[in-house]
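**Q** The following block contains the structure, expressed as structure tokens.
None of the figures in this text is laboratory data; all of them are computed from the coordinates on show. The structure presented is a predicted model; accordingly, all values stated were derived computationally and were not measured. Note: ideal-geometry Cβ built from the backbone for every residue, glycine included; neighbour counts use all protein chains shown.
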Ligand SMILES: Cc1cc2nc3c(=O)[nH]c(=O)nc-3n(C[C@H](O)[C@H](O)[C@H](O)COP(=O)(O)OP(=O)(O)OC[C@H]3O[C@@H](n4cnc5c(N)ncnc54)[C@H](O)[C@@H]3O)c2cc1C
């Protein structure tokens, strides 16, 4: 019997109805289409690294794309590199290849777990880069219109940890585990250069001993990012319970620029009239330290390296992780009047 604990990086969640590992696009689409036709719930899963699944499990079909293909469409000094990547391709393998080939723009996204198909869903980002900066278009299976549909960059509605794909999880006020659009392939457009895009993130610039705005050898950026991430438990390592997580559990709040923020809270520009602050700062300032656990909460605790990650120390349940998330969210709300929003997709559980 396969469980969601076997399929996710948090390693919690009960049994699944059935699991299909699709080896071709036809098989992937046919499985989703047949399940939709039959009214069977569908979960299209990549690496399970952005999912908190219920202890009761998921009574439907879980479909994984096992294709790991990169097709270089064109590559020249004027247009840069254009490549189609299958949804099932592990994301970090794409970054590794890009750094080796001299395709610039995703080097700071090194070490993010999961599949390429999931990257545009929440517009993954880290250390000053977002995948949306280089996504040209996404080929999808539109479950509503039952046809293959290509969404151009401008149609993707990419924003901070969001996209049309992620927003299409909600329909008729209910939550669906998989978006309306199943990602089949992603086209990336990158500049040809052995030097990185300008470093935007002060912590990364400090680690590289350069100024914000400088360009650096992309391989050095990758190495620095991987080291920074490892120090925060943000690179998967089965032996390290701090990485039995879904990464950051809460997004950084984006607020109107005149919203009152506690003294000392970081303020980042988030577009016209908006300010972004740090969820980790708020959590710590509200009194939750690294390793915090709810009394009686079993093996669920905050990471011992980073307060933003909820972790499973061994045999945590989804219920205990939700209790921990509620405690942190409510504590921050009581202290500062700001409600933190979860980043991972919640499957069969509610915060
Ligand atoms: C240690 C760690 C560090 C992390 N660091 C970061 C980080 O720095 N930045 C960041 O943004 N995220 C980070 N994450 C979160 C996560 O890795 C990313 O969101 C990743 O893109 C999820 O990929 P996945 O394949 O595991 O998605 P899954 O967890 O398998 O799925 C997540 C959602 O996407 C949907 N989905 C998956 N594949 C498809 C598809 N082909 N078509 C349509 N929908 C699909 C699923 O149905 C589900 O709703 C981290 C997670 C961990 C565990």
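**Q** Hey, for a label at residue 21 modelled as a point 7 Å past Cα toward Cβ, could you say which residues of region 50-71 have their backbone N under 14 Å away?
**A** Residues passing the 14 Å test: 63-68.
**Q** With no solvent and one point per C-alpha, what does the Debye sum give as log10 I(q)/I(0) for region 4-65 at q = 0.28 Å⁻¹?
**A** -1.17
**Q** Please compute the contact order of region 70-228 in relative form: average sequence separation of alpha-carbon pairs under 8 Å and at least six residues apart, divided by the residue count, as a percent. Provide the component values of the computation, followed by the final result.
**A** On the way: 332 pairs, mean separation 43.7, N = 159.
28 percent.
**Q** Give me the percent relative contact order of the chain, please, defined on Cα pairs under 8 angstrom at least 6 residues apart.
**A** Numbers: 788 pairs, mean separation 57.0, N = 351.
Value for the chain: 16 percent.
**Q** Label region 185-236 by shape, choosing from rounded, prolate and oblate, from the square roots a ≥ b ≥ c of the eigenvalues of the Cα gyration tensor; if a/c is under 1.5 it is rounded, and otherwise prolate applies when a/b is larger than b/c, oblate when it is not.
**A** On the way: a/c = 2.17, a/b = 1.15, b/c = 1.89.
Since a/c reaches 1.5 but b/c is at least a/b, the shape of region 185-236 is classed as oblate.
**Q** Once you sort the root eigenvalues of the Cα gyration tensor of region 285-332 as a ≥ b ≥ c, which label holds: rounded (a/c under 1.5), prolate (a/b larger than b/c) or oblate (the other case)?
**A** Values: a/c = 1.98, a/b = 1.31, b/c = 1.51.
Since a/c reaches 1.5 but b/c is at least a/b, the shape of region 285-332 is classed as oblate.
**Q** Against the empirical 2.2 N^0.38 Å scaling, what ratio does the C-alpha Rg of region 255-351 come to? Walk me through the numbers on the way to the answer.
**A** Details: Rg = 14.3 Å, N = 97, 2.2 N^0.38 = 12.5 Å.
The value comes to 1.15.
**Q** Now for a separate question. Return P(r) of the chain (all Cα-Cα pairs; 10 Å bins starting at 0; whole %; ordered from short to long distances).
**A** 5, 24, 34, 26, 10, 1, 0
**Q** So if each residue of separation counts as 0.36 nm, and I subtract the Cα-Cα distance between residue 193 and residue 315, what length gain in nm does that give?
**A** Details: separation 122, 0.36 × 122 = 43.92 nm, distance 4.56 nm.
Length difference between fully extended and current span is 39.4 nm.
**Q** Mind pulling the per residue volume of the convex hull built on the Cα atoms of region 62-122? Å³ is fine. Don't skip to the end; give the middle numbers.
**A** Values: hull volume 5.5 nm³, N = 61.
Given the Cα convex hull of region 62-122, per-residue volume reads 90 Å³.
**Q** Over region 196-351, what is the relative contact order in percent, taking alpha-carbon pairs closer than 8 angstrom and at least six residues apart?
**A** Details: 248 pairs, mean separation 31.4, N = 156.
Dividing the mean separation by the residue count of region 196-351 yields 20 percent.
**Q** Starting at 0 and stepping by 5 Å, how many percent of the alpha carbon pairs of region 70-228 end up in each bin?
**A** Going from the shortest bin to the longest, the percentages are 2, 10, 18, 21, 19, 14, 9, 5, 3, 1, 0.
**Q** Continuing with the same structure: Add -39500 (n - 2.57) for each DSSP H run of 4 or more in the chain, then divide by its residues: what number comes out at 222 nm, to the nearest 500 deg cm²/dmol? Can you show the working numbers first?
**A** Numbers: 8 runs with 80 residues, N = 351.
Using -39500 (n - 2.57) per qualifying helix, the result is -6500 deg cm²/dmol.
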